[in-house]
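The values are calculated or read from the model by the stated rules, or taken from the named source; none is laboratory data. For clarity, every value in this text was computed on a predicted model and none was experimentally measured. Cβ atoms come from the backbone with ideal geometry, glycine included; neighbour counts cover every protein chain shown. Side chains are part of the model used for accessible areas, which takes the heavy atoms of the whole protein and leaves out ligands, DNA and RNA. Shrake-Rupley method; radii C 1.70, N 1.55, O 1.52, S 1.80 Å.
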Amino acid sequence: MAVNPISNGPISNGPTSSGRLAGKIAVVTGAASGIGRATAERFAAEGASVVLNDREAGALEKFATELTGKGAKAHFVPGDVSQEADVRRLMDEAVRAFGGIDILVANAGVIPEATLESATADLWDRTMATNGRGMFLCCKYAAAVMAKRGKGAIVCLSSISAFAGQPGQAVYGPSKFIASGLTRHLAIDLISKGVRVNAVAPGTIATPAVARMEKEGIDKVVKLHPIGRIGRPEEVANAILFLASDEASFITGAVLPVDGGYLAQ
Ligand SMILES: NC(=O)c1ccc[n+]([C@@H]2O[C@H](COP(=O)([O-])OP(=O)(O)OC[C@H]3O[C@@H](n4cnc5c(N)ncnc54)[C@H](O)[C@@H]3O)[C@@H](O)[C@H]2O)c1
């Protein structure tokens, strides 16, 4: 995994010198697209120094350059979260670039559509490699840095698919169940280290991953959201921001639906 240093220069002031995350250092995985990108943008606007990861190196570099152009403190580390060496490098780079890690947003994920019949063992393995193993590795290595400093907040990306049976989610749904399980168990493991662990469970959100779904499938899913529409990445970023910030200081082990009422039915 190559580490590109273009975003390492000290950039101060600008719109990021104050805000709800002023002075915090945040690692966001899967930051080149969708919810991760919206979250990193919001975090930077709220004063965080952001360490951006994605396996799409070109898109990641472009995004990091955009952010630094706006005066944000951003560092990017391309890599695959399912690879232990890449994850170790990501966390090491965050410490080297900014001095520590206060927040991890374990967002990188894939959203395959498959029924039990159409799913293959290979699809299962590839999905679990990112959504399961990748999330576990990111939590493990970020928490180690946080524990040394006695503070930190982790936000994992679960999904309504972890809780509600849906057509075509035979692989994806269980992979998001892992996110909710990790959240609850790690919250207990890490509580004595000063590290909070929470998750968001978004409904269907208008991101490139969802745009890749068949239109018929999206239309059906939209109807299942009582609010009458799908969500925007920024609406998930708002919830992640809250859980990651000190405003959520008494919240750990929670999985917050951000779903237009989907799970309330
Ligand atoms: N969009 C939705 O409707 C929705 C709903 C619930 C949960 N989620 C979750 O939100 C997260 C983000 O989804 P999105 O819709 O923004 O998807 P997206 O495809 O727009 O963005 C995901 C990003 O993760 C990156 N990525 C994938 N595998 C990776 C890996 N192994 N290592 C590093 N980067 C990797 C991709 O390159 C991409 O840039 C996922 O965990 C997804 O399960 C999405």
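Quick notes
- With contacts taken as Cα pairs under 8 Å at a separation of at least 6 residues, region 120-203 carries a relative contact order of 38 percent.
- Residue-count net charge about residue 163 - beta-carbon cut-off 15 Å; Lys, Arg +1, Asp, Glu -1: +1
- Calculated [θ] (222 nm, deg cm²/dmol) that DSSP helices of n ≥ 4 give over the chain, each run adding -39,500 (n - 2.57): -12500 deg cm²/dmol
- With contacts taken as Cα pairs under 8 Å and at least 6 residues apart, region 139-265 reaches a relative contact order of 32 percent.
- Reference-scaled alpha-carbon Rg (2.2 N^0.38 Å with N residues) for the chain: 0.95
- In the context of the full set of protein chains, region 135-265 has a per residue accessible area of 46 Å² (1.4 Å probe).
- Listed pairs 24/148; 70/215; 62/220 exceeding 25 Å between Cα atoms: 70/215; 62/220
- Relative contact order (percent, whole number), the chain, Cα cutoff 8 Å, 6+ residue spacing: 19 percent
- Label zone at residue 70, where the point sits 7 Å out along the Cα-to-Cβ direction: region 231-245 residues whose backbone N lies under 17 Å: 232-242
- Taking all protein chains into account, the per residue accessible area for region 39-128 stands at 43 Å² (1.4 Å probe).
- Global form of region 53-92, assessed from the alpha-carbon gyration tensor, a/c cut-off 1.5: oblate
- Summed side-chain charge close to residue 265 - residues other than residue 265 whose Cβ falls under 14 Å, Lys, Arg +1, Asp, Glu -1: 0
- Only Lys, Arg (+1) and Asp, Glu (-1) charged, at Cβ; the chain dipole about Cα centre in debye: 600 debye
- Ligands, DNA and RNA left out, the accessible area of the chain computed with a 1.4 Å probe is 56% carbon and sulfur.
- Taking the chain as a Gaussian network of alpha-carbon nodes connected by springs under 10 Å, the highest mean-square fluctuation of the residues 142, 48, 248 belongs to 248.
- Subtracting the Cα-Cα distance of residue 209 and residue 189 from 0.36 nm times their residue separation leaves 4.0 nm of extension gain.
- Near residue 98: Cβ cut-off under 14 Å, other residues only, Lys/Arg at +1 and Asp/Glu at -1. The net charge is +1.
- Extending 7 Å from the Cα toward the beta-carbon at both residue 85 and residue 220 defines two label points whose distance is 4.2 nm.
- Note on residue 189: accessible area is roughly 110 Å² with a 1.4 Å probe, heavy atoms of protein only.
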